[in-house]
Amino acid sequence: MILAHAAELFSQRGYPATSMNQLAEACGLSKPTLYHYYRDKYALLVQIAEGHVARLAELVRGIEAEGLPAEPRLQRLIIRFVEEYAGAQHAHRVLTEDVRFLEPEDRARVLVMERQVVDGFARALVELRPEFKDAHLATPVSMLLFGMINWMFTWLQPDGRLGYDQMAPMVADLFFGGIHRIQIPSQEPPPEETLR
């Protein structure tokens, strides 16, 4: 409950502008009770960011363990991630916007887990398009896909005509409708004038 309220306040006000007093009030707790569970708001920030990305990494591991072929596995990853984001909008916003306030070693730990998540998508892409490996495109194409799903919370209205459950298959359809048209860029050196 404390983490949910903290994530909501951090996502609405920003981490620096949120005080422990505001957190205690939002939780309906006294400030000493809040400090009993968390030593400061930084501890909350770490747990929100780390907890959210750990859930995403666990989703990847769970779906990979199902042993699906690459395309249905990637479709399942897309749909499950969109579903996860639907219930974790505040934590996701904290991860994307407030992670810069983490101390270097905490940020590094979160970054390792984020890379594990991206790598899960990249592995499926390399199975679909093996030439992506030598062209070093698996991660960039994964990030293009994340560009579609990571920021959906910024524009999709929770009470709008379309919900996350309807958007998830659309993201998968859009992504797979275009994946086979991606051309591998030429490996020729750039023109001389761009090297200066």
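The values are calculated or read from the model by the stated rules, or taken from the named source; none is laboratory data. Note that the coordinates shown come from a computational prediction; the quantities given were computed from them, not determined experimentally. FYI the Cβ positions are ideal-geometry reconstructions off the backbone, even for glycines, and counts take in every protein chain you see.
I'd like the full set of residues that are crowded, with 17+ Cβ neighbours inside 10 Å, part of a helix (DSSP H, G or I) and touching a residue at least 60 places away in the same chain (Cβ under 8 Å), limited to region 4-49. Hits for region 4-49 are Ala7, Glu8, Phe10, Ser11, Val46, Ala49. Restrict the check to region 144-165 and report whether at least one residue is part of a loop (DSSP other than H, G, I, E, B), among the basic types (Lys, Arg) and either within 14 Å of Phe81 (Cβ to Cβ) or in contact (Cβ under 8 Å) with a residue 24 or more places away in the chain (or both). Scanning region 144-165 turns up no residue that is part of a loop (DSSP other than H, G, I, E, B), among the basic types (Lys, Arg) and either within 14 Å of Phe81 (Cβ to Cβ) or in contact (Cβ under 8 Å) with a residue 24 or more places away in the chain (or both).
In region 98-112 there is at least one residue that is under 17 Å from Val53 (Cβ atoms), in a helix (DSSP H, G or I), within 12 Å of the chain's Cα centre (by Cα) and in contact (Cβ under 8 Å) with a residue 60 or more places away in the chain.
Entry remark, region 83-106: residues being touching a Lys or Arg at 6+ places or on another chain (Cβ under 9 Å) and surrounded by fewer than 15 Cβ atoms within 10 Å (Cβ to Cβ) number 1 in total. Checking the structure you have, find out if any residue of region 68-76 is at pLDDT 95 or above, closer than 22 Å to Ile2 by Cβ and charged (D, E, K, R). Checked against the condition, which is being at pLDDT 95 or above, closer than 22 Å to Ile2 by Cβ and charged (D, E, K, R), region 68-76 yields no hits at all.
Among the residues in region 50-66, are any farther than 30 Å from Ala138 by Cβ and in a helix (DSSP H, G or I)? No - not one qualifying residue is present in region 50-66.
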